[in-house]
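**Q** Here it is, the structure, as structure tokens.
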Amino acid sequence: MSVIPSAPLDLTSMVTRLHELLRDQPGAPTEAELREACNALYSSSLLKEEGRPVRARVVIAPPEAFTADGGPPDGVHAMRLSTAHPFNQNEIKRLSPAASFFHSAVAIWPAKGRGFRIWGIINTGTRWMNMVAGGRKPAGEGIPHPIIHVRDPGWLIFYDNYQLIGEWRGREFHGPRLDVFESPLLSQRFEPMRCNMVAELADGCLPPNLSTDDYAQMAHLISVQFIKRVINLVRTSGHGGSVVFLPEGAKGVETATRWIDCKYTAEEDAAGLRFPHLMKSIIRRIGMLCPPGSTLEDARRIFRGSHDAELDRLEEGFYELARFFSDLMQVDGAMVVDQRVRVIGFGGEIRVDRTVFQVSQAHDLDGQSLTDWNVQADGTRHRAVYRLCSVEPDVIGFVISQDSQVRMIANVDDSVLFWMHSVI
């Protein structure tokens with residue numbers, strides 16, 4: 001593993017990046033105008049609208065970039081204002097209730113010699129959140145323009161067509177973080193679970209329209225969507241929480257008994273297997289919807305785009321289970337599950353009597369590029385999961401802070417690592 005310094009990033013380099021993305025468009029903003037816009041949005045994040053922090057999305061694009069007949073769920077609906085309004089922190093504050101963060105965005109573009117102006121509000125719908133929140137439906141056409149999220153006080157997030165390119169948080173800039181759900185580690189740790197699940201169905205229960213390996217890969221995709229949903233629901237609650245995944249079966253119960261005191265424990269009955277039951281039903285249904293000889297990509301398209309009533313019903317069941325899990329995580333302490341996603345208990349106090357002095361942050365999905373991390377800067381949730389992972393190499397933990405940061409924590413080659421997950 002190589003240790004690397006954090007990539008340098010500042011407002012100047014971010015403004016340059018935005019300018020590069022826009023410079024080929026007629027009437028594109030200057031770097032000075034973009035810098036002023038970033039400063040105005042940062043200032044707006046520190047304001048309050050009727051006692052609530054300002055939260056908004058801003059799209060930097062000309063009015064002609066959007067058709068007049070589009071709209072959610074597959075496109076965007078652009079409402080053009082008859083008179084463009086000045087672009088400043090106070091106008092963003094006033095418009096933020098009308099351009100609801102999860103549903104709409106404020107559209108800005110410079111007027112010659114007058115700087116940026118607010119020319120409209122774009123209704124995007126909520127499918128754009130599926131990239132991080134675990135929804136099944138595709139995100140639609142996308143918005144091939146820079147988008148800036150005013151996420152929380154002192155926190156701006158910069159995107160190019162929903163691809164994260166950087167964050168301005170407090171007094172610091174950060175490069176794009178990682179989608180930890182694409183981590184090879186996560187796939188490897190859960191491989192036995194999904195392979196066993198497919199093997200249990202393979203004898204006459206799965207249509208032969210997909211290969212066994214393709215069914216296993218679909219199971220992984222759907223599992224990732226589920227965990228994303230749980231984590232996003234906890235994030236949006238503003239409470240924070242943690243979940244630890246232990247080995248399945250007796251080994252997981254033994255690990256929980258040895259290291260975790262759960263205030264509430266769950267019976268080992270059929271109700272605890274709700275997740276694998278739904279998963280088996282979903283992949284079986286996908287197999288039925290696929291024509292003979294389908295590939296994994298065919299199955300992915302059907303999963304994301306099908307309007308099948310039975311698949312919709314199963315997805316609703318999955319969503320409600322994710323919400324149930326997120327509610328369990330509202331109780332102080334960790335939620336403890338095994339790799340079958342069966343709840344062992346919640347309200348768990350991790351009581352590993354060991355101090356972890358050395359933790360590293362991974363800057364790539366393979367965990368090869370690392371920097372040392374100051375453990376003392378973290379809260380009790382993080383330090384508790386660090387300790388658990390230090391003594392149980394098979395454990396994977398997710399910690400969601402009250403400020404919406406998400407980390408995946410694991411033991412790799414006897415070293416405790418964490419990955420910062422990309423957020424919206």
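**Q** Could you check residue 40 against (1) over 29 Å from residue 178 (Cβ atoms); (2) touching a His at 6+ places or on another chain (Cβ under 7 Å); (3) at pLDDT 95 or above and say which number it fails?
**A** (2)
**Q** Could you list all residues from the stretch 277-298 that are among the hydrophobic types (A, V, I, L, M, F, W, C) and either in contact with a Gly (Cβ under 7 Å, 6 or more places away or on another chain) or farther than 14 Å from residue 225 by Cβ (or both)?
**A** 278, 288, 289, 290, 296
**Q** OK, next. Is one or more of the residues making up the stretch 53-62 more than 21 Å from residue 22 (Cβ to Cβ) and loosely packed, with under 15 Cβ neighbours inside 10 Å?
**A** No, the stretch 53-62 contains no residue that is more than 21 Å from residue 22 (Cβ to Cβ) and loosely packed, with under 15 Cβ neighbours inside 10 Å.
**Q** Taking the options 353, 366, name whichever one is over 20 Å from residue 190 (Cβ atoms) and assigned to a loop (DSSP other than H, G, I, E, B).
**A** None of the others qualify; the one that does is 353.
**Q** Inspect the stretch 164-172 for any residue being over 24 Å from residue 364 (Cα atoms), touching a helix residue (DSSP H, G or I) at 6+ places or on another chain (Cβ under 6 Å) and assigned to a strand (DSSP E or B) and give the result as yes or no.
**A** Taking every residue of the stretch 164-172 in turn, none turns out to be over 24 Å from residue 364 (Cα atoms), touching a helix residue (DSSP H, G or I) at 6+ places or on another chain (Cβ under 6 Å) and assigned to a strand (DSSP E or B).
**Q** Scan the stretch 203-225 and tell me whether some residue there is touching a strand residue (DSSP E or B) at 6+ places or on another chain (Cβ under 7 Å) and farther than 13 Å from residue 422 by Cβ.
**A** no
**Q** Would you confirm whether or not the stretch 236-247 contains a residue that is assigned to a helix (DSSP H, G or I), modelled with pLDDT of 90 or more and either over 24 Å from the mean Cα position of the chain (by Cα) or buried (at least 17 other Cβ atoms within 10 Å of the Cβ) (or both)?
**A** no
**Q** Take residue 201 and tell me if it is in a strand (DSSP E or B) and touching a residue at least 40 places away in the same chain (Cβ under 8 Å).
**A** No: the conditions fail for residue 201.
**Q** Sort through 367, 397 and tell me the only one that's touching a residue at least 60 places away in the same chain (Cβ under 8 Å), in contact with a Phe, Trp or Tyr (Cβ under 9 Å, 6 or more places away or on another chain) and either among the charged types (D, E, K, R) or closer than 26 Å to residue 331 by Cβ (or both).
**A** Result: 397 is the single residue among 367, 397 that is touching a residue at least 60 places away in the same chain (Cβ under 8 Å), in contact with a Phe, Trp or Tyr (Cβ under 9 Å, 6 or more places away or on another chain) and either among the charged types (D, E, K, R) or closer than 26 Å to residue 331 by Cβ (or both).
**Q** Ok, one more. Taking the conditions exactly as written (surrounded by 15 or more Cβ atoms within 10 Å (Cβ to Cβ) and either without any contact (Cβ under 8 Å) to a residue 24 or more places away in the chain or outside the structural domain of residue 218 (by TED's automatic domain parsing) (or both)), does residue 338 satisfy them or not?
**A** no
**Q** Within the stretch 177-197, is even one residue in contact with a strand residue (DSSP E or B) (Cβ under 7 Å, 6 or more places away or on another chain), over 25 Å from residue 335 (Cβ atoms), touching a residue at least 12 places away in the same chain (Cβ under 8 Å) and surrounded by 15 or more Cβ atoms within 10 Å (Cβ to Cβ)?
**A** No, the stretch 177-197 contains no residue that is in contact with a strand residue (DSSP E or B) (Cβ under 7 Å, 6 or more places away or on another chain), over 25 Å from residue 335 (Cβ atoms), touching a residue at least 12 places away in the same chain (Cβ under 8 Å) and surrounded by 15 or more Cβ atoms within 10 Å (Cβ to Cβ).
**Q** Then there's this: Does residue 352 satisfy the condition of being surrounded by 15 or more Cβ atoms within 10 Å (Cβ to Cβ), free of Cβ contacts under 8 Å to residues at least 24 places away in the same chain, in the same structural domain as residue 231 (by TED's automatic domain parsing) and more than 22 Å from the chain's Cα centre (by Cα)?
**A** The answer is no for residue 352.
**Q** Can you tell me which residues in the stretch 110-126 are surrounded by fewer than 17 Cβ atoms within 10 Å (Cβ to Cβ) and of a type outside the set (Val, Ile, Thr)?
**A** Within the stretch 110-126, 111, 112, 113, 114 meet the criteria.
Residue-by-condition table, conditions (1) in the same structural domain as residue 378 (by TED's automatic domain parsing); (2) in a helix (DSSP H, G or I); (3) under 17 Å from the mean Cα position of the chain (by Cα):
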residue	(1), (2), (3)
219	yes, yes, no
226	yes, yes, yes
229	yes, yes, yes
233	yes, yes, yes
262	yes, no, no
267	yes, no, no
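The values are calculated or read from the model by the stated rules, or taken from the named source; none is laboratory data. In this text the structure is predicted, and so the values were computed from the model without any measurement. Methodologically, a virtual Cβ is constructed for each residue, glycine included, from the backbone with ideal geometry; neighbour enumeration extends over all protein chains shown.
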